[in-house]
1. Order these by the 10 Å Cβ neighbour count, fewest first: Thr8, Thr14, Thr175.
2. Would you mind ranking Arg24, Arg56 so that the residue whose beta carbon has the fewest other beta carbons within 10 Å leads the list?
3. Using only the alpha carbons of region 133-194, what is the convex hull's orientation-averaged projected area in square nanometres?
4. In whole angstrom, how far apart do the alpha carbon centroids of region 56-73 and region 155-194 sit?
5. Which number gives the lysine pairs in region 45-194 that have C-alpha atoms under 22 Å apart and are eight or more places apart or on different chains?
6. Given the -39500 (n - 2.57) contribution per DSSP H run of 4+ residues, what per-residue ellipticity at 222 nm results for the chain, rounded to the nearest 500 deg cm²/dmol?
7. Quote the charge dipole size of region 5-189 about the Cα centre in Debye, to the nearest 20; the model charges only the Cβ of Lys and Arg (+1) and of Asp and Glu (-1).
8. Running Debye on the chain with equal point scatterers at the Cα sites and no solvent, what base-10 log of I(q)/I(0) appears at q = 0.10, 0.14, 0.18 Å⁻¹?
Amino acid sequence: MTWTMTVTDLKQYTYCPRILYFMRCLPDVRPITAKMAEGILAHEAAEAREERRQLRCYGFKTGERHFAVSLYSAALGLTALIDLVIVQPDGKPIVVPIDYKLSDMAGAHFKLQLASYGLLLEEEMGLPAPYGFLYLIPERRAERVPLSAATKLEARNLLAEMRKVVESEVIPDPTLRAAHCVNCEFRRFCNDVV
Ligand code: SF4
């Protein structure tokens, strides 16, 4: 069986490999936390505001905006729902993914998430995705993120690694960043770490 991963899986795997294990191999244990509920509400509000936001927020004068773009690639074994895609901004033959974040920092895991959007869009639309944006909701600011070939390759390699975790059902090593455990919804399952 070939597992299909979501881009959210990839983002969480880069945050801590164990999260993917808990989500996919023990799917009934996940609690709904206040933080998750807050994130969903903020995301919906950002989507509503995006309809009124101007393209110049991303440095463009023109371009086609597509909201909530759903993509699937059998070749990558990957699905995603992208908040916003701008096609051919200012007439350039490129495609630009945009993701809203309830965060004031463009962390490495968010950047990999954006790189995997780039991979999906390049396959689907046949246009290059040289960069994307993280829209940081608390700051009401769009941060431009380069989507280099190296970052896209890293995303592909991580997807292969993730499939091995799910197929083997062996719990991976925890994140090396203890700070990630502080507010983690799976803390009670990681007695060896916290
Ligand atoms: S508590 Fe820490 S090690 Fe366990 S899943 Fe969460 S982030 Fe990973």
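1. Thr8, Thr175, Thr14
2. Going from sparsest to densest Cβ surroundings: Arg56, Arg24.
3. Directional mean of the projected Cα hull area for region 133-194 stands at 6.3 nm².
4. 32 Å
5. Step by step, the pairs that qualify in region 45-194 add up to 6.
6. Numbers: 5 runs with 73 residues, N = 194.
Calculated at 222 nm, the ellipticity per residue is -12000 deg cm²/dmol.
7. Dipole of region 5-189, to the nearest 20 debye: 420 debye.
8. Ignoring solvent entirely, the Cα scatterers give -0.43, -0.84, -1.30.
Every number in this text was worked out from the coordinates using simple rules, so none of it is lab data. Quantities reported herein were computed from a predicted structural model and do not represent experimental measurements. Ideal geometry is used to build each Cβ from the backbone, glycine not excepted, and the neighbour counts take in all protein chains shown.
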